[in-house]
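FYI, it's all coordinate maths here, none of it is from the lab. Note that the coordinates shown come from a computational prediction; the quantities given were computed from them, not determined experimentally. FYI the Cβ positions are ideal-geometry reconstructions off the backbone, even for glycines, and counts take in every protein chain you see.
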Amino acid sequence: MNIPFLDLSRIDSGLQERLQQTFTQVLKRGVFSGGEEVAQLEQRIHQRLKSKFAIACANGTDALELAIRALEIGEGDEVIVPALTWVSTAEVVKLVGAKPVFWDTDEEGLLRLDWEKAVTSKTKAVIPVHLYGKMVKMASVVDTAGRHGISVIEDAAQAFGAVLDGKAAGTWGDLGCLSFYPTKNLGALGEAGMCLTQDRNLGEKIRFLSNHGQSKRDEHIMVGRNSRIDTLQAAFLNVLLENFESYQQKRKSLVKIYLEELSELEGLQLPHDVLEPNHNAHLFVVKSSRRNELKEFLAEKGIGTAIHYPQIIPDMKPYRVEGDFTNAQIFAKEGLSLPLNPWLKEEDLWEIIKAVRDFFGRK
Ligand SMILES: *Cc1c(COP(=O)(O)O)cnc(C)c1O
């Protein structure tokens with residue numbers, strides 16, 4: 001048996017052909033940075049997510065860094081981030097010279113809603129992360145932030161396609177950051193990302209910052225950087241967007257089977273709300289105190305799994321700090337991501353289910 005956690009070479013052949021045609025078109029036109037494909041991608045996401053401004057950039061980490069820079073956060077400032085996330089969320093805070101202040105997650109791996117207790121006079125922003133594709137209760141976060149006069153940067157890198165109370169992931173905060181890293185639900189064939197905002201001033205600033213501080217050609221009105229998206233990646237994303245809905249349906253249908261077949265296994269905890277619109281079914285993370293054993297057992301049967309993430313950020317050397325991060329720690333010790341992607345065959349899903357049931361001693 002060979003069931004990889006994720007194998008992007010399995011993209012179906014019809015789509016591969018469309019992507020090859022797209023490459024040929026871009027090659028023929030000879031425009032490789034900016035151009036109509038980028039404008040089209042921004043326009044489509046603007047419409048799809050109902051975000052007033054959608055500015056493409058080089059990757060999701062840059063989107064976060066641009067957001068922090070646009071808010072002019074830097075030395076002496078504090079930013080509240082969850083203890084459990086991909087490293088980028090904390091990394092960008094350090095990069096601009098500010099201090100990440102870590103807060104524990106809840107039992108779903110999302111920033112605990114009592115993060116207000118971490119607010120000090122130096123706090124400038126909070127970065128809720130829609131981890132695994134599940135949206136944080138944003139009305140609460142925005143309300144609390146508003147009361148303290150601090151900004152909200154939504155890390156929606158894992159949550160493209162999730163919608164909470166009619167509002168898309170990334171459009172709740174002052175700024176929202178998307179990643180189109182190849183393994184995300186909407187993944188490019190390389191690196192790409194995007195900043196969302198509903199504020200014209202911030203939108204302009206992000207645009208300038210991502211392109212050397214230029215307000216127009218050769219007019220540099222601030223110190224920026226180069227975080228432009230490749231034309232080719234924008235063109236690929238325009239094609240991949242057309243398939244997005246059907247891939248989402250596939251993910252949800254696989255999740256439905258997982259949930260039905262893996263419930264009531266003693267010693268296995270399943271994730272919640274994955275079938276809800278506020279979850280995009282990016283990852284299917286189960287928890288077990290026998291996680292390492294289970295991972296090994298599945299590996300022996302040829303089933304690939306992954307751990308998101310084996311270490312919480314405050315335990316990493318460059319970020320080390322003491323604190324109560326109990327729930328986040330449980331994910332690092334007990335969390336296991338089972339295969340979930342649009343190219344997973346249903347027969348493979350049943351093999352995974354059978355193996356997990358075997359492990360827990362149930363037929
Ligand atoms: C993927 C990811 C990022 C970074 O995106 P890149 O495009 O890889 O730079 C940031 N935050 C989270 C939570 C992510 O999962």
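Observations, loosely collected:
- Reachable aspartates and glutamates from residue 124, criterion Cα separation under 17 angstrom, eight or more residues apart if same chain: 65, 72, 75, 77, 78, 91, 114, 116, 143, 154, 155, 174
- Beta bridge orientation in the chain: antiparallel %, DSSP, nearest 5: 60 percent
- The order of 172, 350, going from fewest to most other C-beta atoms within 10 Å of their C-beta, is 350, 172.
- Remark: 331, 23 ranked as 23, 331, counting other beta-carbon atoms within 10 Å and listing the fewest first.
- Amide H contacts for residue 187 (H built 1.01 Å from N in the peptide plane; partners 5 or more residues away or on another chain; cut-off under 5 Å): none found.
- 3J(HN,Hα) along segment 38-50, derived from phi through the Karplus expression 6.51 cos²θ - 1.76 cosθ + 1.60 where θ = phi - 60°, amounts to 5, 4, 5, 4, 4, 5, 5, 6, 3, 6, 5, 8, 6 Hz, with x in place of Gly and Pro.
- Extension reserve of the residue 29-residue 354 stretch, reckoned as 0.36 nm per residue once the Cα distance is removed: 111.9 nm
- Taking label points 7 Å from Cα along the Cα-to-Cβ direction, residue 40 and residue 216 give a separation of 2.7 nm.
- Spin-label model, residue 223/residue 107: points 7 Å from Cα along the beta carbon direction are separated by 4.8 nm.
- Residue 16 paired with residue 48, simple spin-label distance in nm, labels 7 Å along Cα-to-beta-carbon: 2.3 nm
- Sparsely packed trypsin sites (Lys or Arg not before Pro) within segment 208-273, loop by DSSP, other Cβ within 10 Å at most 14: 217
- Least to most buried among 1, 194, 138 (fewest other Cβ within 10 Å first): 1, 138, 194
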